[in-house]
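A.B. asks: Okay, here's the structure, questions in a sec.
The numbers here are math on the coordinates, done by the rules we state, and not lab data. Since the structure is predicted, the reported quantities are computational estimates derived from the model, not experimental observations. Methodologically, a virtual Cβ is constructed for each residue, glycine included, from the backbone with ideal geometry; neighbour enumeration extends over all protein chains shown.
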Amino acid sequence: VQVVESGGGLVQAGGSLRLGCAASGFTFSIKYMSWYQQAPGSERELVALITGAGNSTYYADSVKDRFTISIDNAENTVYLQMNSLKPEDTAVYYCKIKTEGTEWYKRVEYEYWGRGTQVTVSS
């Protein structure tokens, strides 16, 4: 299974970036895809999540009304549109995919992480 993030970079405060995450090689259905951020010296925190069907989303309070998560089911790709960026958004952003299915008559779930992409917001 491959989970590959893209779109990170350096941007000034108030600017925008669009992150992408493409998943491939998995067997079961996507239950949800999500983005986490991890700043230096901090724990990895959930930023946004979207169900595989794209009908439900979650946002951390810190990014509500600024970030938008979306999913392209045909390409198994999730995007994170980040607007009005702030210096405190500076972090490595990781993508996670959770899949679900039936294996040997049992319900199973698997999680896969990408390697992360750096987002740096200058003041």
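A.B. asks: Which of the chymotrypsin sites (Phe, Trp or Tyr not before Pro) found in region 24-123 are in a DSSP loop and have at most 11 neighbouring Cβ atoms, other than their own, within 10 Å? If you can, show how the numbers build up before the last one.
C.D. replies: Working: sites: Phe26, Phe28, Tyr32, Trp35, Tyr36, Tyr58, Tyr59, Phe67, Tyr79, Tyr93, Tyr94, Trp104, Tyr105, Tyr110, Tyr112, Trp113; in loops: Phe26, Phe28, Trp104, Tyr105.
Taking region 24-123 and a limit of 11 other Cβ atoms within 10 Å, the loop chymotrypsin sites (Phe, Trp or Tyr not before Pro) found are Trp104, Tyr105.
A.B. asks: At R0 = 30 Å, how high is the FRET efficiency between Lys86 and Ser6 if r is their beta carbon distance? Nearest 0.05 is fine.
C.D. replies: Once the sixth-power term is evaluated, E becomes 0.85.
A.B. asks: Okay, next question. Would you please give the residues with an amide H less than 5 Å from that of Leu85, counting only those at least 5 places away or on a separate chain, with H modeled from the backbone geometry?
C.D. replies: Amide H neighbours of Leu85: Gly14, Gly15.
A.B. asks: Also, I was wondering about something else. Using 0.36 nm per residue, how much length does the chain from Ser122 to Ala60 gain when fully extended, once their Cα-Cα distance is taken away?
C.D. replies: On the way: separation 62, 0.36 × 62 = 22.32 nm, distance 2.16 nm.
Length difference between fully extended and current span is 20.2 nm.
A.B. asks: Could you grab the relative contact order for the chain? Cα pairs under 8 Å, six or more apart, rounded to a whole percent. Write out the running numbers ahead of the final one.
C.D. replies: On the way: 307 pairs, mean separation 43.2, N = 123.
Once normalised by length, the contact order is 35 percent.
A.B. asks: Counting only pairs 8 or more places apart or on different chains, how many lysine pairs in the chain have C-alpha atoms closer than 21 Å?
C.D. replies: Working: Lys31/Lys96; Lys31/Lys98; Lys31/Lys106; Lys64/Lys86; Lys64/Lys96; Lys98/Lys106.
For the chain, qualifying lysine pairs total 6.
A.B. asks: Compute the longest continuous run of the chain that contains no exposed trypsin sites (Lys or Arg not before Pro); treat a site as exposed when its DSSP state is not H, G, I, E or B and it has at most 13 other Cβ atoms within 10 Å. Display every interim value, and only then the final one.
C.D. replies: Details: sites that count: Lys64, Arg115.
Result, exposed sites excluded: 1-63.
A.B. asks: How large are Rg and Dmax for the chain when calculated on the C-alpha trace, in angstrom?
C.D. replies: Cα only, the chain: 14.7, 54 Å (Rg, Dmax).
A.B. asks: If R₀ is 25 angstrom, what is the calculated FRET efficiency for the pair Glu103 and Ser70, using the beta carbon separation as r and rounding to 0.05? Could the numbers behind the result be given before it?
C.D. replies: On the way: r = 29 Å, r/R0 = 1.17.
So the FRET efficiency works out to roughly 0.30.
A.B. asks: DSSP loop GluC sites (Glu not before Pro) in region 41-123 with at most 10 other Cβ atoms within 10 Å of their Cβ, which ones? Could you put the intermediate results ahead of the total?
C.D. replies: Values: sites: Glu43, Glu45, Glu75, Glu88, Glu100, Glu103, Glu109, Glu111; in loops: Glu43, Glu75.
The qualifying sites are Glu43.
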